[in-house]
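Remarks on the structure that follows.
The values are calculated or read from the model by the stated rules, or taken from the named source; none is laboratory data. Since this is a predicted model, take the numbers as computed values, not measurements. Counting neighbours? That spans all protein chains shown, and the Cβs are built from the backbone with ideal geometry, glycine included. Remember, those area values only see protein heavy atoms, side chains included, never the ligands or the DNA or RNA. Shrake-Rupley method; radii C 1.70, N 1.55, O 1.52, S 1.80 Å.
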Amino acid sequence: MKIFRVNMTDLTAQIEDVPAEWQGLGGRALTSAVVAKEVEPTCHPLGKKNKLVFAPGLLTGSQAPNSGRLSVGAKSPLTGGIKESNAGGTASQKLARMGVKALIIEGQPEGDNFYGIHIDKDGIKIEKEADLVGKGNYEVIQRLVEKYSNQIGVITIGQAGESKLTAANISVKDPDGNIRSAGRGGLGAVMGSKRVKYITIDDNGAAPVQIVDSDKFKDAAKVFAKGLLEHPVTGQGLPTYGTNVLVNILNEAGGLPTQNFKTGRFEGANKISGETMHDVIESRKGKTSHGCHAGCVIKCSQIYNDKDGNYLTSGFEYETIWGFGADCCIDDLDIIAQADRICDDIGIDSIETAVTVGVAMEGGVIPFGDGPGLLKLLGEIKEGTYLGRILGNGAGFTGKALGVTRVPVVKNQGIPAYDPRAVKGVGLTYATSPMGADHTAGYSVATNILKVGGDVNPLGKEGNVELSRNLQIATAAVDSTGLCLFVAFCILDNAEAFQAIIDMLNAEYGISLTADDVTELGKFVLRTEREFNKAAGFTDKDDRLPEFFSDECPPHNTTWDFTDEEIDEVFNF
Amino acid sequence: MKLEIRLFAGLKCNNKGLSCYGENEFCLEVPDGLTIRELHHMLNLQSSLPLVNLINGLAQADDQVLKDTDRVGIFPPVGGG
């Protein structure tokens, strides 16, 4: 495999050998290693010194189930620290088949032009793009499919990325031509700062990914697929109700942040729940189950149609529905689906934006519960009005603009869908992850609430430091393989399936990794990221939750009560 | 005693002898001293898998004895995030 490097300053590209130190890395391990090595930690994230890195995982492009995830890395304009943002869609598998170990975009062109980057068997082309500038992601993908073919891989930014808003995301075409997102951390703004509107990947004529021992690989892949299909969460729960099944459950557990994190239960929860959504989708002839990339056996996604049975949105996730729903006190699933559609189209992180709107409601911009008002605010972001630009720069920025003190962010990134006072393990992850507040970085909700991989009391302290630490290490490793993080629900309970991942890695590369090596990989990733953040100016004091979490949160009336010393133990490894 | 019951992720009361048959959110009069396991049987919950019980928002084991006015949530293994 090779490193594909695009220099946007002089609009040149080259294909390089992979340095020895990066050869055993993929996905998040690789994006973070590249950023740590090549990006000055104190640089301006939207300036010419930042670099945007795309990397398929170590198993991506192979026949390993659920291995098509894409890692995108850079210095984040939202947090000011290192960022890896992860997406489904078809681009990652195509990059891997094209032999792209990583695509590094660096530099910055003079002038106002935007460009498209095309990768095919003949190499890398950089072309000026005018027609698609100012267009939303749905139209961009459709027009690029018309230009090339339906089989093309597309990575694109919408208006938010063009405007360099720090909540802008990067969109990736899914198998149906719809949208997946590398959502968090404002990496769409970095792509916009490089003046890259889209990247297209044509893997026509590419050879299959090389597997050193294909028989062993196939055997391990079968064991892994069996494990995923037989586990109740990955085999039944996720395919049937999607991630949104969590609305009712987090509500019941008293950990569903409501009215900008004022309480932990939402009266309208059932109206926006996964169970209700499932029935709505069926009645409108959408799809309750859908994979975001070829080879996914979990299929947690869905196609959500409007009242007339026309496609409205897909990849309609719990965190988005929680945010525009409970956090904004909106109990209308169709309004929330429209909000999700707009976020996908303009290319802005639906989690950050939902948290931001909650803060804006607290600041009096519109009342809590105002669904039409929510859609109007998203229109302001699309239009790039001054209010839209404030909102598009995230919850922290908006809170400052409006004088709001209850602003749920860590390292300036919006806190997602689980109140840390009622789900304390994930609170430690929010506090300490080098990514800023990110539930996926160490999903303690699994063990705190869902009782997967054990049972740790969500309201107490005992066991939560170790839980968050171990899950952050494991997650950093999984994110480096290209596997969907949801495989963790299975491997936390099924040692055979976990071993199958190691067996697939060993068979693909002809190596002999052990479980300890995988753990060390996760630790290496976290240490690399934390050192970058330290060099960028972060200290332990950045690993703290906002002050308002010391206020009681109904219904349990618990507070965030970890001491600084206890929080700092999470990264003591 | 009276319980406030919510069943999630496709679980429903499957006891035809109860007025809440087919429902997933209801109040129910039950004998004092009923355990969660006995409630599962009473509702004839159809799950081959272990269920998670949230009693007043807190996870409890199947042998926990229920109290009057308890808010009971029950769900099969699910995930998300």
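Let me make sure I get this right: for chain A, a, b and c are the square roots of the gyration tensor eigenvalues over alpha carbons, sorted descending. Under 1.5 in a/c it's rounded, otherwise prolate if a/b > b/c, else oblate. Which is it?
rounded
Which FRET efficiency value, to the nearest 0.05, is calculated for A:Val18 and A:Lys125 with the Förster distance at 25 angstrom and r the Cβ-Cβ distance? It would help to have the intermediate numbers written out before the result.
Values: r = 22 Å, r/R0 = 0.88.
Efficiency, rounded to the nearest 0.05: 0.70.
Among the residues of segment B:46-63, which ones have their accessible area go down by 20 Å² or more when all the protein chains sit together, as opposed to their chain alone (1.4 Å probe)?
Residues meeting the cut-off: B:Leu49, B:Val52, B:Leu54, B:Gly57, B:Leu58, B:Ala59.
Calculate, for A:Ile511 and A:Phe573, the FRET efficiency according to 1/(1 + (r/R0)^6) with r their C-beta to C-beta distance and R0 41 Å; round to the nearest 0.05.
0.95
What residues from segment A:397-429 fall in the zone where the backbone N is under 18 Å from a label point 7 Å along the Cα-to-C-beta line of A:Asp455?
Label zone hits: A:423-425.
Take the alpha carbon atoms of segment A:114-195, find their radius of gyration, then divide it by 2.2 N^0.38 Å using N residues; give the quotient.
So the Cα radius of gyration is 1.04 times the expected 2.2 N^0.38 Å.
With a 1.4 Å probe and all protein chains in place, put A:Leu402, A:Leu52 in order of accessible area, largest first.
A:Leu402, A:Leu52
Ballpark to the nearest 100 Å², how much total accessible area do A and B bury together, probe 1.4 Å?
For A against B, buried area totals roughly 1900 Å².
Calculate the spin-label point distance for A:Leu375 paired with B:Lys12, positioning each point 7 Å from the Cα along the beta-carbon direction, and give it in nanometres.
Here the answer is 3.2 nm between the modelled labels.
Subtract the Cα-Cα distance of A:Ser550 and A:Val145 from 0.36 nm times their separation in residues, and report this length gain in nm to one decimal.
Working: separation 405, 0.36 × 405 = 145.80 nm, distance 5.09 nm.
So the chain would gain 140.7 nm between A:Ser550 and A:Val145.
Is segment B:2-75 rounded, prolate or oblate when judged by the Cα gyration tensor, a ≥ b ≥ c being the square roots of its eigenvalues, rounded requiring a/c under 1.5 and prolate requiring a/b larger than b/c? Display every interim value, and only then the final one.
On the way: a/c = 1.41, a/b = 1.12, b/c = 1.27.
Rounded, since a/c falls under 1.5.
What does the helix-only formula give at 222 nm for the protein assembly as shown: each DSSP H stretch with n ≥ 4 adding -39500 (n - 2.57), the total divided by the residues, and the result rounded to the nearest 500 deg cm²/dmol?
One gets -10000 deg cm²/dmol as the mean residue ellipticity at 222 nm.
Only bridges whose two residues both fall in segment A:242-419 count here: according to DSSP, what percent of them are antiparallel, nearest 5? Could you put the intermediate results ahead of the total?
On the way: 8 of 9 bridges.
In segment A:242-419, DSSP labels about 90 percent of beta bridges as antiparallel.
Explain nothing, just compute: Karplus ³J(HN,Hα) = 6.51 cos²θ - 1.76 cosθ + 1.60, θ = phi - 60°, for every residue of segment A:347-356 in order, whole Hz, x for Gly and Pro.
After applying 6.51 cos²θ - 1.76 cosθ + 1.60, I find x, 9, 4, 5, 6, 4, 5, 5, 4, 4 Hz.
Enter the accessible area of A:Asp17 (Å², nearest 10), with the probe set to 1.4 Å and all protein chains included.
Accessible surface of A:Asp17 is approximately 110 Å².
Enter the accessible area of A:Lys218 (Å², nearest 10), with the probe set to 1.4 Å and all protein chains included.
Estimated to the nearest 10 Å², A:Lys218 gives 120 Å².
Estimate the FRET efficiency between B:Thr35 and A:Glu282 by the formula 1/(1 + (r/R0)^6), using the beta-carbon distance for r and 41 Å for R0, to the nearest 0.05.
For B:Thr35 and A:Glu282, the calculated efficiency is 0.70.
Whole angstrom only: what separates the Cα centroid of segment A:19-78 from the Cα centroid of segment B:9-57?
Taking the Cα centre of segment B:9-57 as reference, the centre of segment A:19-78 is 48 Å away.
Can you give the % of DSSP beta bridges in chain A that are antiparallel, to the nearest 5? Kindly include the intermediate steps, with their values, before the conclusion.
Values: 46 of 58 bridges.
Roughly 80 percent of the DSSP beta bridges within chain A come out antiparallel.
Which whole-angstrom value gives the distance between the alpha carbon centres of segment A:362-389 and segment A:437-488?
After rounding, the separation between the Cα centres reads 34 Å.
Can you put A:Thr263, A:Thr398 in order of accessible area, largest first, using a 1.4 Å probe?
Details: A:Thr263 40, A:Thr398 0 Å².
The residues order as A:Thr263, A:Thr398, largest area first.
So how much accessible area does A:Phe217 have, in Å² to the nearest 10, using a 1.4 Å probe?
Using a 1.4 Å probe on the heavy atoms, I get roughly 10 Å².
Hey, what's the protein assembly as shown come to in accessible area per residue, 1.4 Å probe, Å²? Intermediate values should be presented prior to the final figure.
Values: 23310 Å² over 654 residues.
On a per-residue basis, 36 Å².
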